[in-house]
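Written below as structure tokens is the structure these notes are about.
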Amino acid sequence: MDETFEREKIVDCMFDPVTSSILAELEDGEKECSFLAQQAFIPESEVLARLSYLIEHEFISKKSDDGKCFLVANSDKLSTLVEDSDNFDAAIDSLEKIDSYLN
């Protein structure tokens with residue numbers, strides 16, 4: 001991956017509780033934005049806002065068809081990012097941060 005993006009920002013997006021639930025929905029393949037919004041109990045515009053950095057750097061692909069918005073995750077790219085050892089440490093730090101908020 002020779003793209004220019006902030007790895008920590010991607011990891012933070014992935015481990016945000018709302019964003020991670022959206023990403024979990026995308027594990028099974030392409031989903032309509034309105035469906036993702038319903039599942040996360042947020043407006044469709046917020047789904048797109050939360051995923052905007054991931055979309056910008058092609059971790060998530062966005063397409064429109066007949067006025068409907070569809071999203072699909074680039075699972076290989078997301079997996080590669082998390083599997084990178086530096087990012088694994090960042091992921092652990094993010095999980096610890098989430099845990100501290102929950103406790």
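The values are calculated or read from the model by the stated rules, or taken from the named source; none is laboratory data. These numbers come from a predicted model, not from an experiment. All accessible areas refer to the heavy atoms of the entire protein, side chains included, with ligands and DNA or RNA removed. Shrake-Rupley method; radii C 1.70, N 1.55, O 1.52, S 1.80 Å.
Structural remarks
- Accessible surface of K97, taken over heavy atoms with a 1.4 Å probe and every protein chain present, rounds to 90 Å².
- Extension gain, D28-V72: 0.36 nm per intervening residue step, less the Cα-Cα distance, totals 14.9 nm.
- Heavy-atom accessible area order for E96, E27, E32, largest first, 1.4 Å probe: E27, E96, E32
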